[in-house]
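K.L.:
Before I ask anything, let me first share the structure, which is written out below as structure tokens.
The values are calculated or read from the model by the stated rules, or taken from the named source; none is laboratory data. These figures come from a predicted structure and were not determined experimentally. Here the Cβ positions follow ideal geometry from the backbone for every residue, glycine too, while neighbour counts run over all protein chains shown. These accessible areas exclude ligands, DNA and RNA; they are computed on the full protein's heavy atoms, side chains included. Shrake-Rupley method; radii C 1.70, N 1.55, O 1.52, S 1.80 Å.
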Amino acid sequence: MSDEEFQGRCNCRSLVIRLFSLLNDDVRVSIIVILMNDGPLSLRSLARRLRINHKKLSRNLKRLIATNFIEEMQVRVSNSRVYKVYFIKPEVKETLERIIKEKY
């Protein structure tokens with residue numbers, strides 16, 4: 001597949017530009033990799049896997065949400081309990097998988 005065909009089938013250029021703006025932080029890269037492979041996950045699960053505190057994780061998740069890489073979804077487990085889970089947006093995941101497949 002040529003670069004022109006690839007760019008026509010996805011908004012790849014925009015995604016790559018946003019991705020490079022996030023790559024200067026190991027935590028954000030790790031979040032993306034973990035969610036690509038094992039998502040959706042809760043804040044607690046992500047914090048345990050990354051071995052970082054909730055405050056640092058929350059700050060990085062907000063940045064990823066703001067750049068439209070991940071989404072937050074609330075899951076009600078009882079009348080008084082609601083958990084938040086995080087996952088890679090399907091179109092972002094598809095594009096990243098396509099980029100990885102094309103390059104490797």
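K.L.:
If amide hydrogens are placed 1.01 Å from N in the peptide plane, which non-local residues have theirs closer than 5 Å to the one on residue 42?
P.N.:
86
K.L.:
Right, another one. What FRET efficiency comes out for residue 43 versus residue 102 if R0 is 25 angstrom and r is the Cβ-Cβ distance? Round to the nearest 0.05.
P.N.:
Working from the Cβ atoms, E equals 0.15.
K.L.:
Which FRET efficiency, nearest 0.05, do residue 17 and residue 65 yield, Cβ-Cβ r, R0 22 Å?
P.N.:
Plugging the Cβ-Cβ distance into 1/(1 + (r/R0)^6) gives 0.80.
K.L.:
With label points built 7 Å along Cα→Cβ from the Cα atoms of residue 55 and residue 30, find their separation and express it in nm.
P.N.:
Rounded to a tenth, the inter-label distance reads 1.8 nm.
K.L.:
Let me ask something else. Write down the accessible area per residue of the stretch 38-104 in Å², having rolled a 1.4 Å probe over the full set of protein chains.
P.N.:
Result: 73 Å² of accessible area for each residue.
K.L.:
Hey, another quick one. Can you give me the solvent accessible area of residue 102 with a 1.4 Å probe, rounded to the nearest 10 Å²?
P.N.:
90 Å²
K.L.:
Where Lys and Arg each count +1 and Asp and Glu each count -1, what net charge lies around residue 74 among other residues with Cβ under 14 Å from its Cβ?
P.N.:
+1
K.L.:
Cα gyration tensor of the stretch 34-76, axes a ≥ b ≥ c as square roots of the eigenvalues: rounded (a/c below 1.5), prolate (a/b > b/c) or oblate?
P.N.:
It is rounded, given that a/c, with a ≥ b ≥ c, falls under 1.5.
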